[in-house]
Amino acid sequence: MKKNLHIPFFIITIICIFSILLFNNNASIDANNNTGSIINNPDIYFNKWSNKSWVTLGDSITRANGYQSIIKPILGFSNIDNQGINGQTMAYQNKNKSTYTMGKNIDYNKYDLVTIFSGTNDFRYNKKLGSIKPLGSKNFDKNTFTGSYQLLIEYILSSNPNIDLVLITPIQRNRDGYNVNFRNKVDSKLIDYVNTIRELGNMYSVPVLDLYSESGITEKTMDTFTRDGLHPNDVGYKRISEKIYRFLLNI
C-alpha cells in the first residue's frame, strides 16, 4: 500500500511565508556595509541626491541656471551653488576669471557633488589645448586648457576625495564662425577639447557626460535647441537637464 505523500496546505503556506521573509532580508542590503550594494534598495538608489549639495562650474551656459533649476526639484538637492561665469574659459585669461582660477578658491568639503561644464570658450578664444601630464605632475601649464583642467581636478579631489566629480563636455555649436568643423587659431577643433575631457575622465576615474555626442544638439537641430547657435533655449535646457539628471542617477 502506497503512503500518502500529500503535504497539508498550511505547511506549504508556512514554507512560502518563510521563503519570502528570507528573500526580503537578503535583498535589503545595508548600503554602508562591505557589500557596497544599493541596487537592491530602491529608496536609497533613487534618493541618492536628496538633501545633498551641488556646486556647478562653467561658463554662460551654466550661469543662466537653465539646467540647475529643472534638476533640483527632480533629484531633491537641498542646495545648488551656481559658480558659472559668462565668457569664462578653463585656461587662464586676463579679461575674465578662468574656471580653474575661480574653482581653486572653493571649499569642496561643503558639497557632495561638483560638475565642470567647460570648454566651448577655450575653443572660441583660441586657448592652447596643451598635453596631458602624469598625475601629480609639477609641470601643469595653467595657460593651456589641459593643464588648467588637470590642476582643477587634482585640487578638487585632494580637497575632498569623497566628493562626486562629474565632467561635462561642451555641446556642439555654430556661432561666430566657430562650428564643429572650424579650426581655431591654435589649430584645434571643438572635438579636440571634448576628447581631452574624455581622456581626463579615464585618467582620473571620474564620470564624463558627453553632451557633444549624446545631447542630440547638432547643426541640424541647432535652431530647435539653441537661441543663437550656442546658448540653449528653454527646449534646449530641458533636453540637457534630462541628460544630466539621468546621468546623475547612475553614478
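The values are calculated or read from the model by the stated rules, or taken from the named source; none is laboratory data. Note that the structure is predicted; figures quoted are calculated from it, not measured. The protein model used for the area step is the full one, side chains on, heavy atoms only, and it has no ligands, DNA or RNA in it. Shrake-Rupley method; radii C 1.70, N 1.55, O 1.52, S 1.80 Å.
Overview of values
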| quantity | calculated |
| --- | --- |
| Under-5 Å amide H pairs with Asp164, H placed in peptide plane, nonlocal only | Leu113, Val114 |
| Solvent exposure ordering (accessible area, 1.4 Å, most first) of Ser69, Ser50 | Ser69, Ser50 |
| Computed over segment 38-152, Cα set: Rg, Dmax in Å | 16.1, 51 |
| Segment 171-251 - Kirkwood radius from inverse mean 1/r over Cα pairs (Å) | 13.6 Å |
| Debye intensity ratio I(q)/I(0), log10, segment 92-251, q values 0.08, 0.15, 0.16 Å⁻¹ (C-alpha model) | -0.23, -0.84, -0.95 |
